[in-house]
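What follows is a short report on a single structure.
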Amino acid sequence: MQKSSGTVLAAPPPRSRKATARVALVDIKEPTRSLLSDCFKQFGIEAVTMTGNVIQRMQREKFEACVLSLIPESGAVMEAVRTSPSNNRMVVYGLGGSAQEAMKFSRYGVNAVFQEPLERPAALKLVRATQMLVLHEFRRYVRIPIITEISMVSADSRRFTATSMEISTGGMSVRSGEEVSLGMALELSFALLTLPRIWLRAQVSWIKPNKTFGVHFDAKDERRMRIKEWIEAYLES
């Protein structure tokens with residue numbers, strides 16, 4: 001048997017499939033538009049270029065997702081998306097900026113952000129991580145990517161904020177510059193689109209070096225049922 005040279009070849013991108021969902025690329029310029037279109041195509045998602053009459057089209061056409069630049073002008077489009085009967089639960093991707101800048105649009109429920117300058121491997125990774133939600137294949141996808149601000153209070157009354165990354169019925173992953181420890185007890189406070197601000201108990205369940213950590217909701221805190229109900233309604237709409 002021939003010995004390996006030690007070089008690890010990158011796995012080829014997944015084969016493109018017939019499109020079963022549509023993502024609107026709102027005022028996205030080249031070459032970013034082509035790169036995003038190709039990335040979504042790899043997962044069977046058709047990219048539709050949208051440059052005019054955006055708000056009107058969002059009100060009358062059905063899309064499973066959209067990509068918008070994180071600029072003030074995008075606020076009106078996000079408002080149209082979230083008030084549209086057919087698109088109010090679509091996956092909203094931001095383009096450019098940091099998570100902190102995405103927080104300016106948190107009331108519209110931005111789900112994930114493509115960082116600029118956009119690089120193909122990172123774009124593919126993000127689409128791969130969120131494709132199940134776009135394609136409505138919820139049985140294999142129980143975590144909802146969404147960016148919102150989380151207020152946290154520790155047992156010793158230390159107060160700090162974090163930015164959510166994903167949420168499930170049992171907990172959430174967040175990003176924060178604050179130091180935490182495994183098992184640390186916290187009181188969380190946050191709001192999610194149609195879910196008014198909620199308070200509930202949790203504890204730190206895992207920590208990573210990149211300033212991200214996970215929290216597990218207290219199973220004895222009945223308020224967590226509101227999270228479960230919200231997720232179920234989100235997936236069913």
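Which net charge results when you count Lys and Arg as +1 and Asp and Glu as -1 among the other residues whose beta-carbon is under 12 Å from that of E178?
Residues near E178 contribute +3 overall.
Of K104/K125; K29/K211; K29/K208; K104/K211; K62/K208; K41/K208, which pairs sit farther than 29 Å apart, going by alpha carbon to alpha carbon?
The answer is K29/K211; K29/K208; K62/K208; K41/K208.
Given the DSSP H assignment, sum -39500 (n - 2.57) over each helix run of at least 4 residues in the chain and divide by its residue total; what's the result at 222 nm in deg cm²/dmol, nearest 500?
It lands at -7000 deg cm²/dmol.
Classify the range 127-211 from the C-alpha gyration tensor, please: rounded if a/c falls under 1.5, else prolate or oblate depending on whether a/b exceeds b/c.
Prolate, because a/c is 1.5 or more and a/b exceeds b/c.
Scan [x] 13.1; [y] 12.0; [z] 16.1 for the value of mean projected area of the Cα convex hull in nm² calculated from this model and give just the label.
From the options [x] 13.1; [y] 12.0; [z] 16.1, the structure gives [z].
Which net charge results for the neighbourhood of V134, defined as the other residues with beta-carbon distances under 10 angstrom from its beta-carbon, given Lys and Arg at +1 and Asp and Glu at -1?
Once positives and negatives cancel, what remains is -1.
Placing +1 at every Lys and Arg Cβ and -1 at every Asp and Glu Cβ, with all other atoms neutral, what dipole size does the chain have around its Cα centre, in debye to the nearest 20?
Dipole of the chain, to the nearest 20 debye: 600 debye.
Name the residue from G183, I146, C39 whose Cα lies farthest towards the positive end of the charge dipole of the chain, charges +1 on Cβ of Lys and Arg and -1 on Cβ of Asp and Glu.
C39
So which aspartates and glutamates pass the test for K220, namely a Cα distance under 17 Å, with those fewer than 8 places away in the same chain ruled out?
K220 reaches E187, E229.
Along Cα→Cβ, 7 Å out, is where each label goes; now give me the distance between the ones at A155 and R33 in nm to one decimal.
5.6 nm
Peptides 85-93, 199-207: what's the order by average Cβ count within 10 Å, highest mean first?
Ranked by mean Cβ neighbours within 10 Å, highest first: 85-93, 199-207.
Is the C-alpha gyration tensor of the range 21-137 telling us rounded, prolate or oblate? Criteria: a/c under 1.5 is rounded; beyond that, a/b larger than b/c is prolate, otherwise oblate.
Because its axes are fairly even, with a/c under 1.5, the range 21-137 counts as rounded.
Coordinate-derived values only; no laboratory data. Just so it is clear, the model here is predicted, and its values are computed rather than measured. Ideal geometry is used to build each Cβ from the backbone, glycine not excepted, and the neighbour counts take in all protein chains shown.
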